[in-house]
Amino acid sequence: MRAVSKLNVETLFRGRISLLPQQSNSRIRFFHSTTLTRNVISNMTGRGLVASLTSSDVEKHTQNKTAIYCGVDPTARSLHLGNLVTFMGLLHFHITGHQAIALIGSATGTIGDPSGRQSERVPLSQEAIDDNSSNITQQIHRFFENGSAYAKRRGWLSKETEQYTPKVLNNIEWFKGMSAMEFIGDVGRYARVTQMLARESVKARLDSEHGISFTEFAYQLLQAYDFWYLYHNHSCRIQLGGSDQWGNITAGIDMIHKKKPNSTTLHVPASQDDQETRRLEDRAFGVTIPLLLNSKGEKFGKSAGNAVWIDETMTTLFDFYQFFVKTADEDVERYLPLFTLLSPDEIKSLMHEHKQNPEKRIAQHKLADEVTELVHGLESVSKAKTATKVLFGGDLQEIGADNIIQAFAHDSQRLRAAKRDQVLDVGLDAIAVLAGATRSKSETQKLIKSGGVYLNNVKVTDPRVKLQPTDLLNDKLCVLRVGKSSYHILHVE
């Protein structure tokens with residue numbers, strides 16, 4: 001018989017995964033904690049953040065401190081607003097005293113979750129997965145840092161609830177050393193193909209034109225093992241995910257019930273009653289967040305077909321803020337409890353005020369303020385408001401050049417730097433090209449003649465005009481507008 005070479009599980013599933021430091025396998029003691037005064041499941045349900053529970057007993061379970069995780073695969077450079085819905089659930093667990101765990105799926109990211117997709121993802125390069133993982137890890141740390149500060153300012157955090165620092169883990173830590181034979185023998189042994197075929201994500205793909213590859217078919221086993229590993233190594237008892245993750249979550253719970261630590265023997269409970277009477281603190285649970293659609297039936301987090309990103313170099317503070325300002329009246333009352341920590345009474349009072357003068361968009365502006373503070377920090381709210389004033393024709397002298405530069409610091413589309421000798425006593429037709437406002441000097445001249453170019457909110461009428469030192473705000477900045485809303489800012493150094 002030929003010897004079987006050690007085929008790594010990442011290779012089996014087409015993964016190209018770099019090695020990260022191996023985490024200790026030492027067992028984490030379970031939380032024998034004090035009863036909490038605020039039940040997170042009850043609170044989340046009241047806010048519309050719960051779609052379904054694998055068992056109603058999870059509410060009893062969360063009366064004491066526990067650990068919960070949700071995962072995200074690094075298929076993009078940044079999280080987007082669709083991810084924010086789920087991470088708001090994780091934040092609620094953190095601020096009510098539980099151990100929150102965010103899991104980066106560098107291993108599962110090489111495959112791609114088939115849930116909600118009609119075709120297989122294009123595989124990412126290892127370099128892209130590593131870069132995405134690094135970026136998202138930093139974003140999650142910032143999210144919890146900003147979110148905790150936001151919650152503390154609103155009276156949610158106390159000494160009791162600040163005990164646990166959120167963890168950010170990566171599943172490559174436990175998959176990197178597992179061979180394909182080990183995975184099939186130690187993980188695949190506990191899966192039943194009939195159950196795997198019955199998952200909605202699999203059934204939908206089997207009925208599609210493209211079908212489903214073995215790679216994606218096996219995805220649910222990898223996610224199930226994630227839950228199993230976190231259960232035994234981080235005392236994690238709850239998995240949180242979107243409503244499309246129900247099948248993957250229940251697969252993990254099933255594996256936890258069947259597979260004992262360091263055992264390849266299938267464990268089947270004697271009866272359903274035996275499973276139900278398992279000690280409450282030892283049971284595994286799942287919580288799903290509803291799929292969020294706006295009043296038009298569109299998936300939340302999209303703007304003109306594009307994702308609204310958490311990374312402000314991909315979606316600027318102004319555009320992030322304006323996404324929420326533009327929320328429809330039909331949606332804003334539903335979004336306020338989902339994406340803020342405002343109390344029900346505060347939301348009720350706010351909506352009453354809003355309905356008196358809906359054209360002022362009072363509720364939308366409050367939503368934008370709260371979510372921007374939550375995601376980007378308190379200082380970013382004032383920056384977003386500054387950018388809004390600039391791009392809606394506000395008094396530039398009153399705002400000030402330094403505030404404008406700070407507000408647009410990460411907005412490379414609107415803010416550009418130039419040397420003084422590049423712009424002073426230079427025709428505005430050339431400066432517009434330098435600022436990215438037009439493609440050519442002739443285009444600028446035509447626009448000036450038609451009344452479509454403004455310098456510092458003043459219409460330009462002479463195509464031959466040159467920029468003078470007196471045109472610079474605080475001797476360092478000027479603002480060009482082409483048409484009604486195309487703004488371009490030059491920082492003159």
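The values are calculated or read from the model by the stated rules, or taken from the named source; none is laboratory data. All values derive from a computational prediction rather than experimental measurement. For neighbour counting, all protein chains shown are included, and Cβ atoms are generated from backbone atoms with ideal geometry for every residue, glycine included. For the accessible areas, the whole protein counts, side chains as well, though only heavy atoms, and no ligand, DNA or RNA atoms are used. Shrake-Rupley method; radii C 1.70, N 1.55, O 1.52, S 1.80 Å.
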Sequence ranges 94-106, 243-255, ranked by mean other-Cβ count within 10 angstrom, highest first: 94-106, 243-255
The range 378-493: relative contact order in percent, alpha carbon pairs under 8 Å with at least 6 residues between: 29 percent
Cα lying deepest toward the dipole's positive end in the range 297-371, options L367, T313, H354, charges on Cβ: H354
Percent carbon-and-sulfur accessible area, the range 302-371, ignoring ligands, DNA and RNA, probe 1.4 Å: 49 percent
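Per residue, how much accessible surface does the range 437-493 expose to a 1.4 Å probe? Answer in Å², no decimals.
Heavy-atom SASA per residue in the range 437-493 reads 55 Å².
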Nonlocal amide H pairs with L157, under 5 Å, H built at 1.01 Å: K152
Those aspartates and glutamates that a straight Cα-Cα span of less than 18 Å connects to K260, excepting residues fewer than 8 apart in one chain: E182, D186, D226, D274, E276, E281, D282
Protection proxy ranking of 176-188, 229-241, 288-300 - average other beta-carbon atoms within 10 Å, highest first: 229-241, 176-188, 288-300
Cut-off 9 Å between beta-carbons: net charge of the residues surrounding T66, Lys and Arg +1, Asp and Glu -1: +1
For S55, distant residues with modelled amide H under 5 Å away: G286
